[in-house]
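Asks: I am attaching a structure below and will ask some questions about it afterwards.
The values are calculated or read from the model by the stated rules, or taken from the named source; none is laboratory data. For clarity, every value in this text was computed on a predicted model and none was experimentally measured. Cβ coordinates were reconstructed from backbone atoms using ideal geometry, including for glycine residues, and neighbour counts include every protein chain displayed. SASA here: full protein model, heavy atoms, side chains in, ligands and nucleic acids out. Shrake-Rupley method; radii C 1.70, N 1.55, O 1.52, S 1.80 Å.
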Amino acid sequence: MSFTSLALDPTLIKAIKESGYQEPTPIQRDAIPAILAKHDIMAGAQTGTGKTAAFALPILQQLLSNTDNKSVRALILTPTRELAQQVFKSIETYGQYTPVQTALAYGGVSINPQIAALKAGVDILVATPGRLLDHLINESLSLEHLEYLVFDEADRMLDMGFKDEINNILKRIPTKPQTLLFSATFDDAIFKLSKTLLNEPKLIEVSERNTAAAQVEQIVYTVDADRKRELTSFLIGSKNWRQVLIFTRTKQGADALAKEMCKDGLKTQSIHGDKSQGARDKALSEFKEGKTRVLVATDVAARGIDILDLQYVINYELPYIAEDYIHRIGRTGRAGKEGLAISLMSPDEEWLLTAVEEVLDTRLLQQWLPGYEPDLTKKTKPTKRSNSGANKKRARQQALGQERNKSKNSNQRRRR
Ligand code: AMP
């Protein structure tokens, strides 16, 4: 199937061709006709599947018939600033030969240029929930002409505690927009949200729900916690990996590891929610340009980041929220390319691996790397608690609570 057979406007086809896309990805093949046929959709697709073009192209196409540039007619909500920037850039690329105007609104930066951009006239707005609400409350934005509403990475938006913001935003939308919900994972909360949002949605699933990208090889190394850093540097150095994204659970952990890796002679930076937007942007672009070899990130900061040709992801610590594992390893193996995801599991983290395996519905092979075998004579305390279902649920709630507080704090910071 070609893009031409999707009946897209020649201006869009030209931009797609220049981006080097030969044919639609599965999500694009399924979602574009459904969106053009005016269906609400609920799509299960991870970042890396081409989902941005899957919603951006049909929205651009439909806005083309009448670009008034006076009111926001399409709103795309993303959980993080990084994802908002990325989606904005993609829409600018796909729509470069059209008169459609796109703007970006996220927190952590001055609101005034955003107000000026909105005043100048915008068709599509890409925004994070907190800052969008600021604009609605300030009346620098009205959604009275909204025709398209997209929730990108809806699962993450809920995980980050944006439910109240979402409800508040929905109350301020007087129209009944065509609504498109994209989520990498599905659980009861997503289904509940979809019920309030979507009208007879078409369900589009390109990969099995809650599965990791098939082209990502997954390896689990069992290693003592106090030897993880050494093993990480060894892997990167001995295998000469050029670009490696490492995940830690905490901001402090990310900073400390980045510092240690630098001491090991590996140019490393960290990104997390406590860093200024400028610092996060800089770290990310230096990583993309190859100026830094290793980027250490927390789950929130790394969400949705699109790094072209990223081959290696290391889970320095397994996530407390098992679904995050899928998001983490989804940073590699994108758009059909191969990737390798290595998890470093200390013996006290085994219950977290069990939770990941439950979500994946598959067993992951545990291995020891010669020279880094765990010392089984050492007594290990479980990371948090034992491996019972109730305890795992509590850990998840606790982790979510921490994320929620973080995002609320960052909203408060943004408002100041
Ligand atoms: P996304 O899932 O939207 O973040 O896209 C992941 C990556 O796939 C991005 O680098 C896109 O530029 C790329 N991409 C999207 N659609 C296609 C396509 N049809 N052919 C090749 N690459 C694509």
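Asks: Name every residue in the range 217-275 that is in a helix (DSSP H, G or I), open to solvent by less than 60 Å² (accessible area, probe 1.4 Å) and more than 26 Å from Leu352 (Cα to Cα), in order of residue number.
Replies: Gly237
Asks: Consider Glu23 carefully, then state whether it is open to solvent by 20 Å² or more (accessible area, probe 1.4 Å) and within 9 Å of the ligand (Cβ to nearest atom).
Replies: yes
Asks: From Thr292, Thr268, Thr332, Thr298, grab the single residue that is touching a Cys at 6+ places or on another chain (Cβ under 9 Å) and hydroxyl-bearing (Ser, Thr, Tyr).
Replies: Every option except Thr268 fails the conditions.
Asks: Can you find a residue that is away from the ligand (no atom under 13 Å from the Cβ), surrounded by fewer than 20 Cβ atoms within 10 Å (Cβ to Cβ) and of a type in the set (S, T, N, Q) anywhere in the range 8-19?
Replies: Yes, there is a match, as at least one residue in the range 8-19 is away from the ligand (no atom under 13 Å from the Cβ), surrounded by fewer than 20 Cβ atoms within 10 Å (Cβ to Cβ) and of a type in the set (S, T, N, Q).
Asks: Among the residues of the range 278-291, is there at least one that is in contact with a Leu (Cβ under 6 Å, 6 or more places away or on another chain), open to solvent by 10 Å² or more (accessible area, probe 1.4 Å) and either at pLDDT 90 or above or of a type outside the set (Gly, Ala, Ser) (or both)?
Replies: no
Asks: Can you tell me which residue in the range 69-95 is farthest from the ligand (Cβ to nearest atom), limited to those that are under 20 Å from Leu136 (Cβ atoms) and of a type outside the set (A, V, I, L, M, F, W, C)?
Replies: Filtering the range 69-95 for residues that are under 20 Å from Leu136 (Cβ atoms) and of a type outside the set (A, V, I, L, M, F, W, C), the one farthest from the ligand (Cβ to nearest atom) comes out as Lys70.
Asks: Can you tell me which condition Asp123 does not meet? The list is (1) over 24 Å from Lys14 (Cα atoms); (2) away from the ligand (no atom under 16 Å from the Cβ), and all the others hold.
Replies: (1)
Asks: Something else now. Six or more apart or on different chains, Cβ atoms under 9 Å: show the pairs whose first residue is in the range 311-336 and at pLDDT 95 or above and whose second is within 16 Å of the ligand (Cβ to nearest atom).
Replies: Matching pairs, first to second residue: Ile314/Leu245; Asn315/Arg328; Asn315/Ile329.
Asks: Okay, next question. Give the residues of the range 279-334 that are of a type in the set (Lys, Arg), in a loop (DSSP other than H, G, I, E, B) and away from the ligand (no atom under 16 Å from the Cβ), sorted by residue number.
Replies: Matches in the range 279-334: Lys291, Arg293.
Asks: Quick one: which residue in Ile124, Ile166, Ile91 is in contact (Cβ under 8 Å) with a residue 60 or more places away in the chain and surrounded by 23 or more Cβ atoms within 10 Å (Cβ to Cβ)?
Replies: On inspection, the qualifying residue turns out to be Ile124.
Asks: Return a yes/no flag: does the range 194-202 have any residue that is in a helix (DSSP H, G or I), assigned by TED's automatic domain parsing to the domain that holds Val359 and in contact with a Leu (Cβ under 8 Å, 6 or more places away or on another chain).
Replies: no
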